[in-house]
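Novice: My structure is below; once you've seen it, I'll send some questions.
Nothing in this text is a laboratory measurement; each read-out follows from the coordinates by a stated rule. What you see is a predicted model; the values in this text were computed from it and never measured. Note that we place each Cβ from the backbone using ideal geometry, even for glycine, and neighbour counts take in every protein chain shown.
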Amino acid sequence: MKAIQVLLLFILFSHSYIVSAQKTNSNDILTCSISQNELLLDKKNFASAPPILLRVYNEDFEYAVWQLGKRKRKIYLYFKIFTDNVCVKQKQPLALYFKSGDKYILKNSFAVNCDGTAALQLRRKDIKRIMANDINSIKFFTLKKDYEFSPNSKDNQNIKEYLSGLKLYKIKKR
């Protein structure tokens with residue numbers, strides 16, 4: 001249930017308050033569009049990147065959103081499919097297939113839900129792997145059906161930009 005609340009807050013308020021770019025040092029400037037609003041998530045401040053909308057492969061009217069966020073010093077991936085009654089598998093809801101042919105499984109630490117939502121805390125090795133490779137396809141595993149998405153080059157570029165921006169971003173206390 002918390003994962004659903006987190007995702008809804010990110011989607012609803014991701015663009016409500018854009019925070020100006022921060023300097024990490026004199027040469028590095030944060031250029032990605034990270035937003036942080038005045039709302040709290042479990043009494044803690046959070047920041048989010050703009051959502052990336054993906055269409056289910058070979059389907060016309062089924063979509064999902066991939067959104068990255070940061071709370072404290074941890075980066076999260078929120079993935080939600082907009083189809084009714086989709087129960088997400090608990091342990092391994094997302095598989096990333098890279099253009100190099102490698103397969104990478106992202107593990108879910110949140111409870112099973114039937115809202116089509118997966119909230120995953122990205123570890124350093126997850127972030128490094130995503131940053132080093134272009135994603136060819138994403139498989140979202142549910143109890144009844146598995147969904148496949150094919151992000152384009154712009155989506156891959158945005159994912160990398162948002163990850164690097166969130167890594168450098170410092171959550172501001174309100």
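Novice: Take residue 145 and residue 99, extend 7 Å from each Cα along the Cα→Cβ direction, and tell me the distance between the two endpoints in nm.
Specialist: Going from the residue 145 label point to the residue 99 one covers 3.0 nm.
Novice: Take the Cβ-Cβ distance between residue 136 and residue 44 as r, set R0 to 41 Å, and report the resulting FRET efficiency rounded to the nearest 0.05.
Specialist: Computed FRET efficiency for residue 136 and residue 44: 0.70.
Novice: Return the FRET efficiency for the residue pair residue 84, residue 112: r is the Cβ-Cβ distance, R0 is 25 Å, and the value is rounded to the nearest 0.05.
Specialist: Efficiency, from the Cβ-Cβ distance: 0.95.
Novice: DSSP loop chymotrypsin sites (Phe, Trp or Tyr not before Pro) in segment 46-140 with at most 13 other Cβ atoms within 10 Å of their Cβ, which ones?
Specialist: Counting only loop positions with at most 13 other Cβ atoms within 10 Å, the chymotrypsin sites (Phe, Trp or Tyr not before Pro) in segment 46-140 are 57, 61, 82.
Novice: Expected output is a single nm value to one decimal: the length gained when fully extending between residue 62 and residue 152, i.e. 0.36 nm times separation in residues minus the C-alpha distance. What is it?
Specialist: 30.7 nm
Novice: If you don't mind, another one. When averaged across all projection directions, what area in nm² does the alpha-carbon convex hull of segment 32-172 cover?
Specialist: Taking a quarter of the hull surface, the average projection is 8.5 nm².
Novice: Return, for the Cα atoms of segment 127-172, the radius of gyration and Dmax in Å, separated by a comma.
Specialist: Cα-based Rg and Dmax for segment 127-172 come out at 13.4, 41 Å.
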